[in-house]
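Scroll down for the structure; my scribbles are underneath it.
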Amino acid sequence: MTSASTNRRRAILAAAGVSVAALTLAACAPGGGGSTEAAGGTITIGTTEQITVLDPAGSYDNGTLAVHTQVFPYLLNTDYQSTEVQPDLAESAEFTSPTEYTVTLPEGLKWANGNDLTSSDVKFTFDRQLKIADPNGPSSLLYNLDSVEAPDDTTVVFHLKAENDQVFPLILTSFPGAIVDDEVFSPDEITPDDEIVEANAFAGPYVIESYDFNNLVSYKANPDYKGLLPPAKTETVNVKYYTEASNLKLDVQEGNIDVANRTLSATDIEDLRGNDNVKVVDGPGGEIRYLVFNFDTMPFGATTAEADPAKALAVRQAIADLIDRDAISEDVYKGTFTPLYSYIPAGLAGANEALKDQYGDGSGQPDPEKAAGRLETAGITTPVELNIQYVAERYGPSSSDEYAVIKDSLESSGLFTVNLQSTEWVQYSKDRVADLYSVFQMGWFPDYSDADNYLTPFFLPENFLVNHYENPEVTDLILEQAVTPDPAAREALIGEIQDKVAADLSTIPYMQGAQVAVTGTDVEGTEDTLDGSFKFRYAALSKG
Amino acid sequence: MTAAPVTAVPKRRLRDRIPVVHQLRQSVGLQRGMLVTGLVMLAIFILTAIFAALIAPYGFAQRADASGSFGSQQPPSPEHLFGTTVGSYDVLSRVVWGTQTAILVVVVAVILSLFIGVALGLYSGYFGGWLDRILVVICDAIYAFPSLLLAIVLSIVISGGQSSLWGGVLAAAGSIVVVFIPQYFRVIRAETVRIKAEPFVESAKVLGASNSRIVFKHVFRNATRTLPLIITLNSAEAILTLAALGFLGFGIEPTAAAEWGYDLFKAQSDVTSGIWWTALFPGLAIVFTVLGIMLVGESLNDLADPRLRGRRRVAQAAGEVAATSVVPGGALSAGPGGLSGLEDGETFDEHGIEVKR
Amino acid sequence: MSTFDTVPLAEGAPVSGRPKPKSQGGGFGRYLLVRFLLIFPTIFILVTLVFFLMRTTGDPITAAQGGRLGPEALAELRAAAGYDRPLFIQYFEYLGQLITGNFGSTLTTSQPVIEVLATYGPATFELVFYSLIVAFGVGIPLGLFTAYFRDKPQDAVFRVLAIYWYAVPVFFAGLILKLIFSVWLGWFPIAGRASVGAELQMQTLPNKTGFYTIDALMTGDPEVLGDVLSHAVLPAIALGLLTAGIFLRLVRTNVIGTLATDYVDAARSRGVAEYRLLRKHAYRPALIPIVTVIGLQIALLLSGAVLTETTFEWKGLGFILAEFLESRDFVAVQGIVVMLAVIVAITNFVVDILAAFIDPRVRY
């Protein structure tokens, strides 16, 4: 989830940069389409996520995205178990000039309510995103979009500010990419949930049949769906919204619901793994946890009394040497989070294990002697006092245990004394950007599954972390990868960025979350949709 | 609220004038049983808090000892009598250390609300005027509102969302204070209004005593006699509020202090996975402590109310004790005091005190 | 408490009995009027309090977007939403809205606050209603019982039990009830107000009320009704027992009080049996204070409801208020607070009137 200001900056920088040959997305025909065999059955899904606002212009959170994914059409998308962006609703999508991205739609598309789905809907969607620019909306992701043009019913041309933006197609698959019906939605304000449901303004694999806000949403398969995914396997999907993970756990365990997805506690999942009535399905996760250093206020930071960049770096390196990722993964998360040794989570193109090679004993284990050596070489008297901040609740209930482990692994070396402090989220958000915290926890859930989303928001100057990290080399590399169309060349750049940032240690990434769904033993298809798109698509599920 | 006839009672011995000790002597039979049980439980609670360092086998934030990490969610064993939590803390140690946090909150909450509530009550009751009326209305408004919700908002405001020991303690205590002040205020105000009209205050005025002397020497000493009761009730309330805040996620960071409500909150997912020890013991600690305090409170209440006192001693005590009745956990009387304050500043219910939980 | 009362006595000041309340010219009508008018300052104070408290705790935009946007972007959004304007201007703006009956729309979910109240209010009402049934059903008989067996072991057992109910935090009790009755015994559902099937059936009703009991009746399907009622059992017990303990003590105290009155003595001397005394003479007068106390219990119940609703996924006002607090949705929090304040104030008002009619001795 990218900072608007950072993005804008990148757009300007990139516009001045080299122009690269236009990228063409393979125009393959959308799959499925024809078959209309009636799917049957009912599946009930439980989740602790919450909906905010059904209108895609007014929400920017995963709970609501989970609904959008089922019911709104997207121009581009990824297939099950793939991270390759393909035309979804579109017939083809390509750069027709460095700043023009042209999408063609097939003819005869319809909304579930019978309205025509044409290029005017697409233009309307993006125009209103930019116009409404709701504080809770995702319009900031459209930082590179200048205007949208619909020359005819099946053609849409996106005029971009920066040239050859490799990220723009990815953004069309994410939050602001949900296309809405121009005959139902208001052009200049958020349309209420009930109006959308009543007008049946849907064209995804499912339509919403009944909608009890944040309590129970009932979906029905959309027979007119024409897109990338095969037709829905189950006719009716009911989604029950929970607030307590423990209730969700009990209900799936007792068979009251078929699927529990996002988010059960690690203890619950471990317990359910040993339960024969349910199966636990794991998928790759894009969620990461990392420790941020404020380069101004950390020990020996730029604005402290004893400012010394070399010493500050030694402190960061020593911490990187000491963090016991296995202990966090096993003790606290019971394997639902796995050790992360780089800025980009394993599974995404370009990810490496930069921190494993550079820190610790070289195999991912902590190495207190190495840490002690670093501090000694830098001339630092130990123990160094650290104040580490973390957020209560925001990143799951296990944060306090996670940080107790980190405190232990730092203190047991005798090199650090750690004061832990947890702060409620809103206050935390204010304090961390006001330079009040020297070392603090953050987490990240990607907007779109691409390495860029783990680099641009973090390591450009004036990034959203506001930790005063700046490395011109890294900056240039990040800008370059964003406009490099050749995948291999881009991956090489991305690898280089990770190595360089790992040497600087702006942040220390340490955990990567897996996607875990718990289902009844008769539910199939969960493995298909727990993929690198991080979208849980109900169309894949069926009950035997 | 009948004050005793002047000449009937000689000045009593000290041991009769210390609250609780006096009631203990006064009680009989079952009532004495309840009072003694409550006092014993309370004593265990307080002693545990004082000697936590000696009783607890480990520190509240300790996750490993010389023989290695405790391991997470270990069932009760000789090394860890109550087992360990998901964060590898020793449950017994956290339960024991939790008494300190609880007592801290109780002391801070009760002292603060006592001082502010009594001061405002005395002022309001004695001097009256527009300030009195405003205070009455404000207190009634707060009083009528679900206290836990107020406590949540206040805990965010007070601690700035931070969960250090003092941040947490002050947040819990502070939010309890705001909820309790109206209770002390109403009781003291009503008593003050009543006492102000007593002839002895009139005569003191005639004799030229200053207002402050009258307030502190005469009114204060008489108006505060119902306080021990309210204090016990509020102490119980304070512990429950702290636990509720902890349970709702507004608790204290586990390495800063041990707090039962927070531990219960963390233990929720354990319980559903068959790990009973992480929730049971902190839960029982809350119940035990509150039960102890409430037993004392209930007994004090009975003993203060001649109708409820043991039958045999009624006659003996009737002359010296006001007919005060405080129902733990619930008010015994009608409506907020605000109206009476605005109406004529005099009426109050027949039992003198209203205490909401 | 007799700790201090010897002091003035030692000074020899004569002490009169409790002053008699003044009787007033306006009487009952005036009382009602003042009582009614007091509702407004109460609401005003709470709104003011909550308004300023909430503003000191942060804003909804930081709450929602703090994890993804930089400080400038956040500041821009805050300015666009008008949160950077002077507080007093925002305050009077809000008051102005309120006076015209406009509660505004929630900031995070863009729902009219009125709609939120209409959606979640009935759930809380039902929970409180069922809890009161439990509280009455358990508290009053046990109160009579303990009064009858006063100072005997039976009395002690139930009184300690009553204190115990109060001492167990609602969420702890809820957890244990769920484990025993839902998971082990499987008698009652784990959480929620109805199961998925029943909820879907009720949602198709053309004029659903949000009161699930009523909606279930309207479907005409006994299974739906059974489903709804079985969902209410555990939450009602968890919350109801808390209040039952209070009612028990109240009834006991008052019955003992009335049993000691002259007219009961007179009846007793006429040879009326003790249990009959209890039923005919002591019971009714002892109930009067309970009526008045219900008013005050509303605030207590609503507090307990926050915890009960969270534990049992009972999506009512307390639950949703806690959610909105977390997301710093001022408008929603203020709206709900006003609503709760109105409920409490009106309940107290009505209860006072009732009490006055029931008991002519109530002085005004």
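The values are calculated or read from the model by the stated rules, or taken from the named source; none is laboratory data. These numbers were taken from a predicted model, which means no experiment stands behind them. Here the Cβ is made from the backbone with ideal geometry for all residues, glycine too, and neighbour counts use every protein chain on show. Areas reflect the complete protein model, heavy atoms only, side chains present, ligands, DNA and RNA absent. Shrake-Rupley method; radii C 1.70, N 1.55, O 1.52, S 1.80 Å.
Compared with the dominant principal axis of the Cα atoms in chain A, helix A:368-377 is inclined by about 60°. Taking 30 Å as the straight-line reach from the Cα of A:K356, the lysines in range (excluding those fewer than 8 positions away in the same chain) are A:K311, A:K334, A:K370, A:K407, A:K500, A:K535.
Taking the Cα centre as origin and putting +1 on Lys and Arg beta-carbons and -1 on Asp and Glu beta-carbons, what dipole magnitude results for chain A, to the nearest 20 debye?
Values: 33 positive and 85 negative charges, 112 e Å.
Charge dipole of chain A: 540 debye, to the nearest 20.
Distance from the Cα centroid of the stretch B:19-44 to that of the stretch A:142-162 is 81 Å (rounded to whole angstrom). For the peptides B:216-223, B:165-172, the ranking by mean Cβ contacts within 10 Å, running from highest to lowest, is B:165-172, B:216-223. Computed per residue of the protein assembly as shown from DSSP H runs no shorter than four, each worth -39500 (n - 2.57), the mean residue ellipticity at 222 nm is -15500 deg cm²/dmol. A 31 angstrom limit on the alpha carbon distance is what I want to check against. Which of A:K226/C:K315; A:K110/A:K131; A:K123/A:K249 exceed it? Too far apart for the 31 Å limit: A:K226/C:K315; A:K123/A:K249. Would you be so kind as to identify which of A:S174, B:I152, B:I55 lies farthest towards the positive end of the dipole of the protein assembly as shown, taking Lys and Arg as +1 and Asp and Glu as -1 on Cβ and the Cα centre as origin? Farthest towards the positive end: B:I55. By how many degrees, between 0 and 90 and to the nearest 10, does the Cα long axis of helix A:62-71 differ from the longest principal axis of chain A? Between helix and principal axis, roughly 20 degrees.
Partner lysines whose Cα lies under 19 Å from the Cα of B:K217, excluding those fewer than 8 positions away in the same chain, are identified as B:K11, B:K196, B:K205. First check a/c for the stretch C:113-363, with a ≥ b ≥ c the square roots of the eigenvalues of its C-alpha gyration tensor; if it is under 1.5, answer rounded, and if not, answer prolate when a/b is larger than b/c or oblate otherwise. It comes out prolate by the Cα gyration axes. Each peptide in A:275-281, A:49-55, B:59-65 receives the mean, over its residues, of other Cβ atoms within 10 Å, and ordering these scores from highest gives A:49-55, B:59-65, A:275-281.
Across peptide C:190-199, the average count of Cβ atoms from other chains found within 10 Å of a residue's Cβ is 6.
Between the C-alpha center of the stretch A:57-74 and that of the stretch A:415-430 there is a gap of 32 Å. Under the rule a/c < 1.5 gives rounded, and otherwise a/b versus b/c splits prolate from oblate, where does the stretch A:285-514 land using the Cα gyration tensor? Rounded, since a/c falls under 1.5.
Shielding value for C:156-167 is 6, the average number of Cβ atoms from other chains within 10 Å of each residue's Cβ. Between A:L216 and A:Y241, the built amide H atoms are under 5 Å apart, and every one of these is 5 or more places off in sequence or on another chain. When C and B come together, around 8300 square angstrom of accessible surface is lost from both chains combined, probe 1.4 Å. Aspartates and glutamates near A:K430 by alpha-carbon distance under 18 Å, same-chain residues fewer than 8 away left out - which ones? Candidates past the 8-residue exclusion: A:D296, A:E393, A:E462, C:D59, C:E72, C:E76, C:D84, C:E326, C:D329.
Here's the picture: charge each Lys and Arg Cβ at +1 and each Asp and Glu Cβ at -1 in the protein assembly as shown, and of B:V108, A:L493, B:A119 the one pushed furthest to the positive end of that dipole is B:A119. Annotation for the stretch A:372-386 versus the stretch C:27-83: alpha-carbon center distance of 49 Å. Can you bin the protein assembly as shown into rounded, prolate or oblate? Criterion: square roots of the alpha carbon gyration tensor eigenvalues sorted a ≥ b ≥ c, rounded for a/c under 1.5, prolate for a/b above b/c, oblate for the rest. Note, shape of the protein assembly as shown comes out prolate. Helices assigned as whole DSSP H runs in chain C whose Cα atoms extend at least 27 Å along their own long axis and whose mean Kyte-Doolittle hydropathy is -0.5 or higher are found at C:113-148, C:222-259, C:283-311, C:330-358.
Among C:F247, C:F44, C:F324, the residue with the largest mean-square fluctuation in a Gaussian network model of chain C, with springs joining Cα atoms closer than 10 Å, is C:F44.
Placing +1 on each Lys and Arg Cβ and -1 on each Asp and Glu Cβ, with no other charges, gives chain C a dipole about its Cα centre of roughly 1620 debye.
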